Amino acid sequence: MIGLEPTPEWWNLLETILIHGSRIYFWLLFGFGLILCIWTFKKTKEKGFLLIAIFFLSPLFGIVMREVSYQIHKDELIERKRARAEQTDSLPSIETNITLPIFETALVVGLFIVCRTRIKKNQPPTLSDATRPTG
């Protein structure tokens, strides 16, 4: 028989911070990307930034579709959950996914750089720029 030891409290705390922190970071990242696209569109009037902004709305679409799917299959899911609870005599297990949005972060950083460059190109030259010697 295998002797099980409880996990240390610091491990549970770290796991909780990573799970909730990654979710919060994801939503903040996508919110920043959406606001950045809308702000850049207002400054440059380039419609491509609105199309990019649609990408940042995709998690909301996923939430809506998940709820629709749950409502369609609700009875079946409840029955499966009840059957699984009856079958389990061993220790309960909890599975969680911790996702780190690395590629999405790279996308938003790149978009920030492009937006900043576009806005600088569209601004009219100021008086200090006109009097500055070139060369």
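Each reported figure results from applying straightforward, stated rules to the coordinates on display, with no laboratory input. Keep in mind that this is a model prediction, so the values were computed, not measured. For neighbour counting, all protein chains shown are included, and Cβ atoms are generated from backbone atoms with ideal geometry for every residue, glycine included.
The set of residues from region 44-60 being assigned to a helix (DSSP H, G or I) and loosely packed, with under 15 Cβ neighbours inside 10 Å comprises G48, L50, L51, I54, S58, P59, L60. For region 102-125, residues that are of a type in the set (S, T, N, Q) and without any contact (Cβ under 8 Å) to a residue 60 or more places away in the chain total 2.
For region 80-90, indicate whether the set of residues that are over 20 Å from L34 (Cα atoms) and either within 18 Å of the chain's Cα centre (by Cα) or of a type in the set (S, T, Y) (or both) is non-empty.
yes
With respect to (1) under 30 Å from Q123 (Cβ atoms); (2) free of Cβ contacts under 8 Å to residues at least 24 places away in the same chain, the lone exception for T44 is condition (2).
Considering T16, T96, the condition of being loosely packed, with under 10 Cβ neighbours inside 10 Å and under 20 Å from the mean Cα position of the chain (by Cα) is satisfied by T96 alone. Just one of the numbered conditions (1) loosely packed, with under 10 Cβ neighbours inside 10 Å; (2) without any contact (Cβ under 8 Å) to a residue 40 or more places away in the chain; (3) closer than 26 Å to G21 by Cβ is not true of A85: (3).
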